[in-house]
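The values are calculated or read from the model by the stated rules, or taken from the named source; none is laboratory data. Remember, predicted model here, so these are calculated numbers, not experimental data. Methodologically, a virtual Cβ is constructed for each residue, glycine included, from the backbone with ideal geometry; neighbour enumeration extends over all protein chains shown. Side chains included, ligands, DNA and RNA excluded: accessible areas come from the protein's heavy atoms. Shrake-Rupley method; radii C 1.70, N 1.55, O 1.52, S 1.80 Å.
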Amino acid sequence: VATVQCAGNRRAEMRATRNLKGLEWRGGAIGNAEWAGAKLCDVLKAAGIDENDERLRHVHFEGLDTDPSNSPYGASIPIEKAIDPRGDVLLAYEMNGETLNRDHGYPVRVIVPGVAGARNVKWLGRIYVSDVESDSHWQQNDYKGFNPSTDWDTVDFTKSPAIQDMPVTSSICSPAGGSKVSGGQELTVSGYAWSGGGRAIVRVDLTADGGKTWTQADSLVQDSARHPRHWGWTVWTGKVKIPEGVDSAEVWSKAVDSSYNVQPESFSNIWNLRGVLSNAYCRLKLSVQN
């Protein structure tokens, strides 16, 4: 079981702080599935790759899809992740017990669990090992993080590494934003949480009064895999008390993973020009009736 999440998931929430470039993903650029296929480490071993050869540093993946210049979609991951049997990188041809469909990368896609979705190449056509990272646009000139003062006039993509492991995140899925609730009501909220790098979710904290008081989700539904090989998401449910005497309220969620990484409080301090790594508290705005 592994989650695949776009590095730009929840970008719309970051854009609300300050404008940026990228698709208007809210909380839906993520999915969780049971995958089946051949382990990449076994395929590399069968191909004669020597894991002790220090010249081999990156494993490249090229898709059968091409851009207008006829260049294939490409990405690479460090060989340490690719060659490790416990890294669980998979050349997947089944998803949820069925043959992989075209939308998800038929006939084969690579699943790199815990890593940004951009490295999980669909419609896989070629794999090779190299001493250098992929030179594709999506590895070199996209899917990288920068400080909030970097803009399109000053950005230098050579100065930041390509995103691999993803940070801890959560999203509130129910109720919907703008829902009407009652002051003093104990409200049930639910959503998902996930962390990259094989880290499990150990807690989801919730507040409806701006962080003055906190509770935590009382239900965390997740698979039984342990850190550092926990690749799937966690579906959570919890309750918060809506303040009385106010016209509106915000419910916040913040997830904590098994390395005790926690989501940052604000998007303003993690803003970046491409809206990636958008993992600040999820804030659900509600209308309060008294």
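Can you tell me how many residues within the range 143-160 are in contact with a Lys or Arg (Cβ under 7 Å, 6 or more places away or on another chain) and either of a type outside the set (S, T, N, Q) or at positive phi (or both)?
1
Among the residues of the range 1-25, those identified as among the β-branched types (V, I, T) and open to solvent by 10 Å² or more (accessible area, probe 1.4 Å) are V1, V4, T17. Checking each residue in the range 145-164 for being part of a loop (DSSP other than H, G, I, E, B) and either closer than 18 Å to W236 by Cα or within 16 Å of the chain's Cα centre (by Cα) (or both) picks out G145, I163, Q164. Screening E80 with (1) without any contact (Cβ under 8 Å) to a residue 24 or more places away in the chain; (2) of a type outside the set (G, A, S); (3) in a loop (DSSP other than H, G, I, E, B) gives one miss only, at (3). Remark: L187 falls outside the filter, which requires a residue to be of a type outside the set (S, T, Y) and in contact with a Ser or Thr (Cβ under 6 Å, 6 or more places away or on another chain). Restricting attention to the range 26-50, and to residues there that are within 27 Å of D135 (Cβ to Cβ) and touching a residue at least 60 places away in the same chain (Cβ under 8 Å), which single residue is surrounded by the most Cβ atoms within 10 Å (Cβ to Cβ)? Once the filter is applied, the top-ranked residue is L40.
Quick check on my filter: what residues within the range 116-142 are farther than 23 Å from R55 by Cα and among the hydrophobic types (A, V, I, L, M, F, W, C)?
A116, A118, V121, W123, L124, W138
Residues that are under 20 Å from the mean Cα position of the chain (by Cα) and among the aliphatic types (A, V, I, L, M) were ranked within the range 91-103; the one that is most open to solvent (accessible area, probe 1.4 Å) is M95.
Suppose we filter D88, D53, D142 for residues that are within 24 Å of N279 (Cα to Cα), open to solvent by 10 Å² or more (accessible area, probe 1.4 Å) and of a type in the set (D, E); which single one remains?
After ruling out the rest, the residue left standing is D142.
Only one entry of T66, T169, T158, T99 meets the criterion of being under 28 Å from K254 (Cβ atoms) and not hydrophobic (A, V, I, L, M, F, W, C), and that entry is T169. Reported count of residues in the range 165-189, each being part of a strand (DSSP E or B), open to solvent by 30 Å² or more (accessible area, probe 1.4 Å) and either closer than 24 Å to A2 by Cα or small (G, A, S) (or both), is 4. Going through (1) free of Cβ contacts under 8 Å to residues at least 12 places away in the same chain; (2) closer than 22 Å to L273 by Cβ one by one, D103 falls short only on (2).
Is there a residue in the range 34-57 that is small (G, A, S) and at pLDDT below 95? Checked against the condition, which is being small (G, A, S) and at pLDDT below 95, the range 34-57 yields no hits at all. Within the range 104-132, count every residue that is touching a Gly at 6+ places or on another chain (Cβ under 9 Å), in a loop (DSSP other than H, G, I, E, B), open to solvent by 10 Å² or more (accessible area, probe 1.4 Å) and closer than 16 Å to V43 by Cβ. Residues that pass the stated criteria total 1. A count restricted to the range 91-100 and to residues that are in a loop (DSSP other than H, G, I, E, B) and without any contact (Cβ under 8 Å) to a residue 24 or more places away in the chain stands at 1.
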